[in-house]
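**Student:** Below you'll find the structure I mean.
We did not get these values from a lab; they are worked out from the coordinates using the rules stated. All figures in this text were calculated on a predicted structure; none of them were measured in a lab. Here the Cβ is made from the backbone with ideal geometry for all residues, glycine too, and neighbour counts use every protein chain on show.
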Amino acid sequence: MSMRKAYIGESVSLENADMEGRLGLAGLRCQGDFSLLGARIVSNDRDALLARDAQILGSLHLSIHPRSKRRFSSKGRVILDGCHIGNDLNLCGADLHGEFEEIEELGDKQYHSALLAADLRVGGCIKLGDKSELNGGQRSLCSEGALRMQRVEVGKDIQLFNTKVVSIAPRKKVRDAEATDASGSAPDNTAFDLSYSKVGGILIIGANDLTGAVNLYYTNTDFLWDTSNGYPNADLCKKDDVHLVGFSYRVLMLPDMEDLNDPANLRKTVNVRKAWLERSPYDAQDYATLARALRRSALTDEAREIMIARFVRELAMLARGVNDRKAMPSKTGVDETRSQAFWQRVAALALAVPSYLFAQLADIARYVVMQVYRLTFGFGLDPRRATLTLLVFFVLGCSVFADANRKKLMIVDQQPVATLSDRSAIGAGLTNEVADNVPCGDMIAPSLFALDVFIPLVDLRQESKCEIGVAEGTRATASEADFLKFFKAFYAFCGWIVISLSILTFSGFLQRRNELLGGDT
């Protein structure tokens, strides 16, 4: 049946119809609903329903008939490319069978698809399954072939719920030099592709049985409602089976990915969302997007943990890069390697080793510094680690300076104009000798002295009273005094760094900056 470029002023109903061949709706103009409830289409071509560039002001129903309970079924592809639907697109209770013998070719890849809906515009909702209970535990939508819906704009919601989608990985063909890869970022084993799409309402993903990857590459939605069982089984699928690069959302309706009314648990939320992000290729902005959404839900601690997880993943990637880097790239052609003269290989190695060593040392140094930063301040995001670091430095300074004062390695600072003397020397004015190298004793409090040295730009009037030196009558050596002078300088230098980073950590400046910029500098 062909309604190509037809104009129909009312609704169309082909309910419970049996059709053999293609149903052509390309360029159709329908002023009402187009209903295929319970219809069955068996195509002897690879396309069962072709509705490219059709305009339907009402809804398009490719779903189960409410009275006869007969499901919509199609053998062949359903193509809705460029279609405009005023209300809803309903595929609840549909069985789609893409023809695996006939495949769609895009660039250098080949895809098995059951539903193609690129550049689709829907004013209402797209219902790819729902929560309704079906007889015999049936899935709301069954598809043998991928659901590919790139560059879709939906006024309200998209729900992928209670569906079963089986995708078959493509067979690669020889790359044509003139061909371009039009598939964008779609993984080879795509089951559900919603890349470059915009959802005006809620994106719902839950209770699915997906064999293949979910691609949300640069998709934008206002609300995200998703559960752990909405995505491919992590134990059965390969890595990168969920593509979240550029995926943006404003509000997370289920932070811990569980369809329960219980309040979100911090540790559970962090763990499940970290695992969710790790299933996708790395992108710093994905962590920032999730952290912003968690903060909007008043889950500040969870947002902080997600940003920390981002830096931990970067450290793991840096370590793998150091481990995998080679001084000389491996040659794929054995004959080419053998044909090179020995001195040529030696010269190439000599030229490559310096840059290799420099790169290795730079990455190792960065890894060590970032690990220290992680342990002390949680990458500038964890106030608890910053508090612990401050306490450790304070206790260290108090202990060292108290021990130095006890060993008489701290003496009274002699002023150039007047000299201070020990209390025991006061009143002994019958001699011309001036007290020198007088131990500080109780003139200072070691805790306040440590704070005076450690905190920059704050004068507690402790450091000016005493200096490092060997007092008379002590068993301490000059080398111990020299070491203490070095420690004091190092302690003061650390004070500048630790106090500055602590202020940034406690203020939350670095966390807000990372969430805003995705950690980019």
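**Student:** If you scan the range 479-521, which residues turn out to be acidic (Asp, Glu) and in a helix (DSSP H, G or I)?
**Tutor:** Glu480, Asp482, Glu515 - these are the residues of the range 479-521 that are acidic (Asp, Glu) and in a helix (DSSP H, G or I).
**Student:** Output the number of residues of the range 8-60 satisfying the condition of being hydrophobic (A, V, I, L, M, F, W, C) and outside any loop (DSSP other than H, G, I, E, B).
**Tutor:** So in the range 8-60, the residues hydrophobic (A, V, I, L, M, F, W, C) come out as 8, 12, 14, 17, 19, 23, 25-26, 28, 30, 34, 36-37, 39, 41-42, 48-51, 54, 56-57, 60.
After this cut, where a residue has to be outside any loop (DSSP other than H, G, I, E, B) as well, the list is 8, 12, 19, 23, 30, 34, 41-42, 48-50, 56, 60.
Count: 13.
**Student:** Between a first residue in the range 363-390 that is closer than 23 Å to Val453 by Cα and a second residue that is charged (D, E, K, R) and surrounded by 13 or more Cβ atoms within 10 Å (Cβ to Cβ), which pairs have beta carbons less than 7 Å apart while being 6 or more apart in sequence or on different chains?
**Tutor:** If the second residue must be charged (D, E, K, R) and surrounded by 13 or more Cβ atoms within 10 Å (Cβ to Cβ), the pairs left are Thr376/Arg385; Phe377/Arg385.
**Student:** Mind counting the residues in the range 435-478 that are hydroxyl-bearing (Ser, Thr, Tyr), closer than 17 Å to Leu391 by Cα and in a loop (DSSP other than H, G, I, E, B)?
**Tutor:** The first filter runs over the range 435-478 and keeps only residues hydroxyl-bearing (Ser, Thr, Tyr), leaving 447, 464, 474, 477.
From what's left, closer than 17 Å to Leu391 by Cα: 447.
Filter once more, keeping what is in a loop (DSSP other than H, G, I, E, B): none.
Final tally of qualifying residues: 0.
**Student:** If I ask for residues that are among the β-branched types (Val, Ile, Thr) and assigned to a loop (DSSP other than H, G, I, E, B), which ones from the range 61-95 would you list?
**Tutor:** Ile64, the sole residue that qualifies.
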